[in-house]
Amino acid sequence: MINHQAIITLAQKAREASRISARLSGNEKNALINRMAKRLVEKQNLLEIANKKDVEMAQEKGLSPAMIDRLVLNSGRIEGMAQALRDICQLPDPVGKIDGIRLRPNGLQVGQMAIPLGVILIIYESRPNVTSDAAGLCLKAGNSVILRGGSEAFYSNQAIVSVLHEVLEEFNLPKEIIAFIPSTERENIQILLDLNTTIDLVIPRGGEGLIRYVDEHSKIPVIKHYKGVCHLYVDREADVTMAMELLVNGKVSRPGVCNALETLLIHEEIAEKFLKLIEKDSRLNHVQFRGCPLTQHYFPRAGAATEEDYFTEYLDLTLSVKCVSSLTEAIDHIEKYGSNHTEVIVTNNLETAQ
C-alpha cells in the first residue's frame, strides 16, 4: 500500500508536470502521443503477459464472462488502443483557441481563450484501455493526469503506464505528466479526493457505486455519469433487418461495456413480427430476456420483467423488453428509466427520428 504522504507527493509532482504539459505545442503533443501509440504495439508481449495475470485472477474470483471480457487485452485490442491515440492526434488542439471575440464600446476586444485545466484525476474500474485513452486525451488538452485504476486490471494498467512513461522519458519529460497510483486500496481514493488545492478535476468512470462515492466524498469538482441504461426503440415504420443487426451488435458483441444495449422497446404494431425474428436468430440464444406481458405472449422464452429490471444496467447477456403503443410512450419510458447515455431509434420516418 502506498502511504498517505507518498500520494500527496505524487499529486504535487503531477501539479509541477502540468505546467510543462501546458507549454507543449500542438506538434509536440501529437509527436508524443503518436510515439505512445507505436510503443504500445511494440510492447504487445509485455502487455499480454501482465494482462494474463489479471484475467486469471478474475477467473479465480468467479467474475462473469462479460466482466472478464472487459479485461482482456489481445493483439486486436492493443491495436485499438494505439489507434485511439492516433485518432486523438487528429483532433484539433484545443489549447489557445479563442471564441466569442467582441468589441466593447471603449475599443477593447474581449474573448474567451481555452486553456488547460491543470491536474485531472481519473478513477476507473476494469477496462485497461481507459488507461491509455485517458492519458492521451488529458495530454492533448495540455494537462497532467493522475490515474487510479481498479484492482481487476491492476497489472495491465501498470504495464500500460510503464510503456507510456518510457516515451515521456524518451522526450525528456517528467513521468508525472501521466501519474499512476500503484495501489488499489480504497483509502487512497479518499486521500486523493481531499487534495482540492492540488487536483483541479476528478472524473470517475465505472460502476454506479464508485461514481456515487466519488460524488459524495470529493472536495474537487466532479464530472460524472452514473450508469448506462441504453435503449433501442424499434418503431412501427422500422427496417426490421437493420433493427435486428443493431440489437445483436448492441447486446451480444460486448455486453459488459457502458454503451451496451440494456432495454429493447418495440412498437406494438410490429411486436409479433419482430419478436418472431428474435426467436429464430441463433446469435441471441445465450441472451436472457425479461419482458412485459405482451412480449411474453409473442415470445414465451422471456421471463417476466419487473419495475427494477427497467432501471438495471445488466452489463451481461440479459435484456429487458417492453412493447409500447406509440412513440410518445417509448420516449416516456426512456425518460423514466434511462440514464441519458445512449438511445437509438430505428425508423424510416424522418419526422419520427427527429
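The values are calculated or read from the model by the stated rules, or taken from the named source; none is laboratory data. For clarity, every value in this text was computed on a predicted model and none was experimentally measured. Backbone-built Cβ (ideal geometry, glycine too); neighbour counts: all protein chains shown. In case anyone asks, the SASA skips ligands and DNA or RNA and just uses the protein heavy atoms, side chains included. Shrake-Rupley method; radii C 1.70, N 1.55, O 1.52, S 1.80 Å.
If DNA, RNA and ligands are ignored and the probe is 1.4 Å, what is the ranking of His341, His231 by accessible area, most exposed first? Each step should come with its number before you reach the end.
Values: His341 70, His231 0 Å².
Descending accessible area places them as His341, His231.
Just check segment 156-236 against the gyration tensor rule for me: Cα atoms, a ≥ b ≥ c as the square roots of the eigenvalues, rounded for a/c under 1.5, and otherwise prolate or oblate depending on whether a/b exceeds b/c.
Details: a/c = 2.40, a/b = 1.46, b/c = 1.64.
It is oblate, given that a/c is not under 1.5 and a/b is not larger than b/c.
Let a ≥ b ≥ c be the square roots of the eigenvalues of the Cα gyration tensor of segment 36-181; is it rounded (a/c under 1.5), or, if not, prolate (a/b larger than b/c) or oblate?
Prolate, since a/c reaches 1.5 and a/b exceeds b/c.
For segment 1-147, what is the percent of antiparallel DSSP beta bridges, rounded to the nearest 5?
Details: 4 of 8 bridges.
Just about 50 percent of them are antiparallel.
In segment 190-206, whose amide N lies under 19 Å from the spot 7 Å out along Cα-to-Cβ of Lys224? List them in ranges.
Backbone N within reach: 190-197, 199-206.
Per-residue ellipticity at 222 nm for the chain, helices alone: DSSP H runs ≥ 4 residues times -39500 (n - 2.57), over residue total, nearest 500 deg cm²/dmol?
Helix-only estimate at 222 nm: -15000 deg cm²/dmol.
On a 0 to 90° scale, report how tilted helix 327-337 is relative to the longest principal axis of the chain, with both axes built from alpha carbons and the result rounded to the nearest 10.
In the chain, helix 327-337 runs at an angle near 50 degrees to the longest axis.
Give me the distance in nm between label points sitting 7 Å out from Cα along the Cα-to-Cβ direction at Ala22 and Asp194, one decimal.
2.6
Rounded if a/c is under 1.5, else prolate if a/b beats b/c, else oblate: with a ≥ b ≥ c from the C-alpha gyration tensor eigenvalues square-rooted, which is segment 242-353? Working shown, then result.
Details: a/c = 1.21, a/b = 1.08, b/c = 1.12.
In terms of gyration-tensor shape, rounded.
Using Cα atoms only, what is the angle between the long axis of helix 26-42 and the major principal axis of the chain, expressed in degrees (0 to 90) to the nearest 10?
70
Dipole of segment 49-148, Cα-centred, from +1 at each Lys and Arg C-beta and -1 at each Asp and Glu C-beta, to the nearest 20 debye?
On the way: 12 positive and 10 negative charges, 62 e Å.
Roughly 300 debye for segment 49-148.
Out of all DSSP beta bridges in the chain, what portion is antiparallel? Express it as a percent rounded to 5. Don't skip to the answer; put the middle values down first.
Values: 4 of 38 bridges.
Rounded to the nearest five, the antiparallel share is 10 percent.
Run through segment 11-119 and list the trypsin sites (Lys or Arg not before Pro) located in a DSSP loop whose Cβ has at most 12 other Cβ atoms within 10 Å. All intermediate terms of the calculation are to be shown ahead of the outcome.
Details: sites: Lys13, Arg15, Arg19, Arg23, Lys29, Arg35, Lys38, Arg39, Lys43, Lys52, Lys53, Lys61, Arg70, Arg77, Arg86, Lys97, Arg102; in loops: Arg23, Lys43, Lys97.
Filter output for segment 11-119: Arg23, Lys97.
How about segment 119-215: which chymotrypsin sites (Phe, Trp or Tyr not before Pro) there lie in a loop by DSSP and see at most 16 other Cβ atoms within 10 Å?
Values: sites: Tyr124, Phe154, Tyr155, Phe171, Phe180, Tyr213; in loops: Phe171.
Here the sparse-neighbourhood loop sites are Phe171.
Per residue, how many Å² of accessible area does segment 235-313 show with a 1.4 Å probe?
Working: 3880 Å² over 79 residues.
Here the per-residue accessible area is 49 Å².
With angles folded into 0 to 90 degrees, how steeply does helix 75-90 sit against the dominant principal axis of the chain? Use alpha carbons for both and round to 10.
Approximately 60 degrees, to the nearest 10.
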